[in-house]
Amino acid sequence: MNFVLERLGYHGTGSDLAMSFRNYGRRVSGPQVGVIAVLSRRGGGHVGVVSGVDAKGNPVLISGNHGRRVGEGVYLQSRVVAYVMP
């Protein structure tokens with residue numbers, strides 16, 4: 001995520017830890033296209049950019065680590081720790 005932000009002219013967190021984005025930028029109340037979603041997972045976290053919301057209100061994210069590639073996937077809303085904007 002830091003790489004993407006820096007390419008867009010923003011400062012990142014300077015950390016490789018996904019959870020470092022929990023307190024990054026400005027908090028947003030819910031999943032909006034273009035915001036960064038910070039998710040919890042066993043052993044760490046995950047971050048991605050919201051590209052949509054499914055019929056159940058779960059965020060659809062574009063993120064890395066989909067079989068070592070960038071991909072799009074639906075994640076449970078209950079895993080979301082924060083939505084943030086740069």
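Can you tell me which of 33-41, 8-16, 69-77, 20-28 comes out highest on packing, and rank the rest after it, using the mean Cβ neighbours within 10 Å?
Taking the mean over residues of other Cβ atoms within 10 Å, the ranking is 33-41, 20-28, 69-77, 8-16.
I'd like the FRET efficiency for ARG7 and GLN77, computed as 1/(1 + (r/R0)^6) with the beta carbon distance as r and R0 of 25 Å, rounded to 0.05.
0.30
Please calculate how many Å² of accessible area the chain carries per residue, with a 1.4 Å probe and no DNA, RNA or ligand atoms counted.
64 Å²
Once the convex hull of the C-alpha atoms of the chain is built, how many Å³ does it hold per residue, rounded to a whole number?
With only Cα atoms used, the chain gives 92 Å³ per residue.
Heavy atoms only, probe 1.4 Å: what % of the accessible area of the stretch 1-85 goes to carbon and sulfur, would you let me know?
Carbon and sulfur together cover 50 percent of it.
Between ILE62 and LEU17, what is the label-to-label distance in nm when each label sits 7 Å out along the Cα-to-Cβ direction?
2.8 nm
The values are calculated or read from the model by the stated rules, or taken from the named source; none is laboratory data. If you're wondering where the values come from, they're calculated on a predicted model, not measured in any experiment. All Cβ positions, even for glycine, are placed from backbone atoms using ideal geometry, and neighbour counts span all protein chains on display. Please note that ligands, DNA and RNA were not included when accessible areas were found on the heavy atoms of the full protein model with its side chains. Shrake-Rupley method; radii C 1.70, N 1.55, O 1.52, S 1.80 Å.
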